[in-house]
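Quick notes on the structure that follows.
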Amino acid sequence: MTQDKPKSNFHWYLLQTKFRQERKAAQELEQQNITVFLPLYRSEKIIKGVRVTKEEPLFLRYLFAWLNVENTNWTSVRSTRGISNIVAFGNGPAIVDQAIINELRQIDLLPKEPYFEMGEKVRVVGGSLKGLSAIYQTADGLSRASILLEFMQQNQYLSIDNQLIKKI
């Protein structure tokens, strides 16, 4: 992904990829000396009981390509491994405004650290337990967490929505 230089006949175009082949398509286009932009974000998932952080495409099945409208072999681009189609409106391929690409590049989509660590103190910020402190235990699915809460002189393990807890 090289930095683009202003050239009058070059524009950003949106390409549709085959299912889960965004990275493959980007790699194939780059081998053809085409500049691509594939915005990624980092997500945490539970896979077989283990929390895994993965980088995923922000726009599933899409990527951006910097192409010369006059000299591009559109058939070659369309037949690139991993590419499904070129997004078009009306007479030809749709041009994506440079300002949109600049905005997407400015957004920090890759957080540097995981949301919660085991043993970390958290506070319940919503629901019937609002205001209570707890200790984060583990992720409980994609949107829930297990916490250890001392309540009525007993330790209670609870499952709670991630949005209802914050780091202290």
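Annotations
- Within the accessible area of the chain (1.4 Å probe), percent carbon and sulfur: 51 percent
- Entries in Lys48/Lys167; Lys48/Lys121; Lys130/Lys166; Lys45/Lys166; Lys48/Lys130 that, when Cα-Cα distance is taken, lie over 22 Å: Lys48/Lys167; Lys48/Lys121; Lys48/Lys130
- Built amide H within the under 5 Å cut-off of Arg144, gap 5+: Asn162
- Considering only Gln31, Gln21, Gln154, the Gaussian network model of the chain with Cα springs below 10 Å gives its largest mean-square fluctuation to Gln154.
- Derived scalar couplings ³J(HN,Hα) [the range 12-28; Karplus, 6.51 cos²θ - 1.76 cosθ + 1.60; whole Hz; x for Gly, Pro]: 8, 10, 9, 10, 8, 9, 6, 3, 6, 10, 4, 5, 4, 4, 4, 4, 5
- Heavy-atom accessible surface of the range 15-74, averaged per residue, reaches 59 Å², computed with a 1.4 Å probe.
- Whether the range 17-75 is rounded, prolate or oblate, judged on the alpha carbon gyration tensor where a/c under 1.5 counts as rounded: prolate
- At most 10 other Cβ within 10 Å, DSSP loop - GluC sites (Glu not before Pro), the range 8-85: Glu70
- Between Val69 and Lys48, residue separation times 0.36 nm minus the direct Cα-Cα distance comes to 2.9 nm.
- Calculated from backbone phi, Karplus (6.51, -1.76, 1.60) coupling profile of the range 74-81 in Hz, x at Gly/Pro: 4, 5, 5, 5, 5, 8, 5, 4
- The H on the amide N of Ser84, modeled in the peptide plane, is under 5 Å from the matching H of Gln16, Thr17, Lys18, each at least 5 residues off or on a different chain.
- Euclidean distance of C-alpha centroids, the range 16-86 and the range 135-154, integer Å: 38 Å
- Of the trypsin sites (Lys or Arg not before Pro) found in the range 1-106, those in coil by DSSP whose Cβ has at most 13 other Cβ atoms within 10 Å are Lys7, Arg20, Lys48, Arg81.
- Along principal axes, Cα extents of the chain, largest first, whole Å: 74, 31, 29
- Contact order relative to length of the chain, as percent, for alpha carbon pairs under 8 angstrom and 6 or more apart: 21 percent
The values are calculated or read from the model by the stated rules, or taken from the named source; none is laboratory data. Since the model is a prediction, treat every value here as computed from it, not as a measurement. Glycine gets a Cβ as well: all are built from the backbone with ideal geometry, and neighbour counts include every protein chain shown. The protein model used for the area step is the full one, side chains on, heavy atoms only, and it has no ligands, DNA or RNA in it. Shrake-Rupley method; radii C 1.70, N 1.55, O 1.52, S 1.80 Å.
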